[in-house]
1. What's the number of the condition residue 69 fails, among (1) surrounded by 19 or more Cβ atoms within 10 Å (Cβ to Cβ); (2) under 17 Å from residue 105 (Cβ atoms); (3) modelled with pLDDT under 90?
2. State whether one or more residues within segment 26-46 are modelled with pLDDT under 90, assigned to a helix (DSSP H, G or I), within 25 Å of the chain's Cα centre (by Cα) and over 22 Å from residue 104 (Cβ atoms).
3. Can you tell me how many residues in segment 52-66 are within 9 Å of the chain's Cα centre (by Cα) and without any contact (Cβ under 8 Å) to a residue 24 or more places away in the chain?
4. Scan segment 72-87 and tell me whether some residue there is in a helix (DSSP H, G or I), modelled with pLDDT of 80 or more and under 19 Å from residue 38 (Cβ atoms).
5. Taking segment 1-25 as the region of interest, how many residues are at pLDDT below 80 and part of a helix (DSSP H, G or I)?
């Protein structure tokens, strides 16, 4: 057992609890990544109804959720090779890999739409004199 597993056992977590916590964490990360990918693709619909165009406005919030999903998927993929995690109740790592790839693309698009309006981007105008 690793040092982390020993510590968790000492404070009362058994291996089944640790596996169920990781399964829940993986599921939440996958749902979060799927949601961000879905709303990014939803914005590509060529429809001008307000309930479709509504996903174009909370881009910063979607970027924040996306980075949380990237962190969660990264951690679950990091622990996917853990022998304690593969106790028969594990999730398919292939799904997380596809979601990770889709989430990176979705985050790139969302950042492309937001960054030109931040101080990180070069100004296009030279300014004006009063």
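1. (3)
2. No, segment 26-46 has no match at all.
3. 1
4. Yes, the conditions are met somewhere in segment 72-87.
5. Taking segment 1-25 and keeping what is at pLDDT below 80, we get 1-23.
Keeping just the survivors that are part of a helix (DSSP H, G or I) gives 3-10, 15-23.
Number of matching residues: 17.
The values are calculated or read from the model by the stated rules, or taken from the named source; none is laboratory data. Keep in mind the model is a prediction, meaning the values are calculated, not measured. Backbone-built Cβ (ideal geometry, glycine too); neighbour counts: all protein chains shown.
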